[in-house]
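The values are calculated or read from the model by the stated rules, or taken from the named source; none is laboratory data. Nothing here was measured: the structure is a model prediction, and the numbers come from that model. Here Cβ is always computed from backbone atoms with ideal geometry, including for glycine, and neighbour counts include all displayed protein chains.
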Amino acid sequence: MAIFDIYSKRQKKLRGEISDVYFYDEIPNKLRVQIIHIINNTIGECATHSQMNHYLYQPTPSESLYKEMCEILRREYGVFELHKNSNSYYTEIFDFFLNQDDVEKCIDIIELSFKVIDKIVREEQSDFYQEADEAIAELNHRFRENGVGYQFEQGEIIRVDSQLIHSEVVKPVLLILSATSEYDGVLHEFMSAHEHYRNKKYKESLNDCLKSFESLMKAIHEKHHWDYNSNDTAKKLINSCLANNLIPEYLQNQYSSLRTLLESGVPTIRNKEGGHGQGTNVTNVPEHLASYTLHLTATNLLFLAKCEELLS
């Protein structure tokens with residue numbers, strides 16, 4: 001469904017009431033209702049329990065999906081019902097969603113709904129309504145419009161700190177990594193770093209950042225049959241990439257600090273803050289450092305993947 005730039009939105013923009021700063025600890029009721037509209041317009045509606053229990057009734061594909069989603073959430077939360085006195089699977093899910101104070105559970109429902117849209121609706125489009133890509137695009141637009149710092153990318157909800165960095169760095173590298181099975185491991189580790197970051201597990205996020213950085217270099221080595229050992233450190237892999245002219249020689253000469261930049265970025269931060277034993281003192285990785293490392297990793301992955309494309 002088209003997104004309209006209605007009068008009230010234009011006036012808010014003119015008054016400067018729409019902020020570029022994102023928040024993460026609240027899903028406003030307006031956004032929740034907009035998300036339900038998107039899901040409803042895409043998957044469809046659901047009959048009541050009394051209608052579905054009639055022995056002659058044949059559930060529609062939409063109703064089967066809502067039943068499955070509802071049962072998944074009940075099982076994962078360890079409850080018999082999500083919301084009392086609901087008359088359908090649809091209302092049980094979304095009454096729970098509308099009244100839920102726990103932001104992570106709200107994100108659970110959004111992510112599960114759009115995983116269903118991204119996979120099942122996309123594959124069986126003729127049984128449903130709005131196209132999957134259109135629904136996902138509107139979801140991400142509504143997140144931005146409401147100043148809520150999340151996006152649905154590559155089948156998961158990820159946290160966004162800067163829309164510019166996300167659109168110019170993170171999203172392009174996700175597209176590159178998802179375009180070939182050779183980078184499946186890299187993509188999995190990079191998405192895992194995002195998941196840890198969203199859940200405030202910053203040490204784990206740093207670890208997966210380094211893993212994805214190393215995995216990309218190993219994948220490039222394998223693709224081009226360059227010699228390396230599976231236990232090589234990031235420093236050795238960087239040196240090998242440079243020796244094999246992954247990065248054009250003129251860039252290596254022009255930027256004499258390039259090797260130092262790559263070596264002292266993600267690997268050093270991870271080793272100092274997130275790697276190895278922490279000894280007798282408990283170390284806490286601050287959020288801003290984890291955010292910086294995540295974006296630095298995305299930049300490095302994009303740079304090296306683009307360099308590799310020039311070799312092909």
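Quick rundown of the values:
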quantity: Breaking point among (1) closer than 26 Å to Leu82 by Cα; (2) in contact with a strand residue (DSSP E or B) (Cβ under 6 Å, 6 or more places away or on another chain); (3) crowded, with 20+ Cβ neighbours inside 10 Å, for Glu111; calculated: (3)
quantity: Residue satisfying condition, being among the hydroxyl-bearing types (Ser, Thr, Tyr) and modelled with pLDDT of 95 or more, within set Tyr129, Tyr90, Tyr77; calculated: Tyr77
quantity: Residues (within 16 Å of Arg159 (Cα to Cα) and of a type in the set (S, T, N, Q)) located in the range 99-140; calculated: Asn140
quantity: Any hit, the range 118-126, residues being under 30 Å from Cys307 (Cα atoms), surrounded by fewer than 20 Cβ atoms within 10 Å (Cβ to Cβ) and of a type outside the set (Val, Ile, Thr); calculated: no
quantity: Test result for Gln58, surrounded by 15 or more Cβ atoms within 10 Å (Cβ to Cβ) and more than 22 Å from Arg198 (Cβ to Cβ); calculated: no
quantity: Within the range 197-206, considering residues that are of a type outside the set (A, V, I, L, M, F, W, C) and crowded, with 20+ Cβ neighbours inside 10 Å, the one nearest to the chain's Cα centre (by Cα); calculated: Tyr197
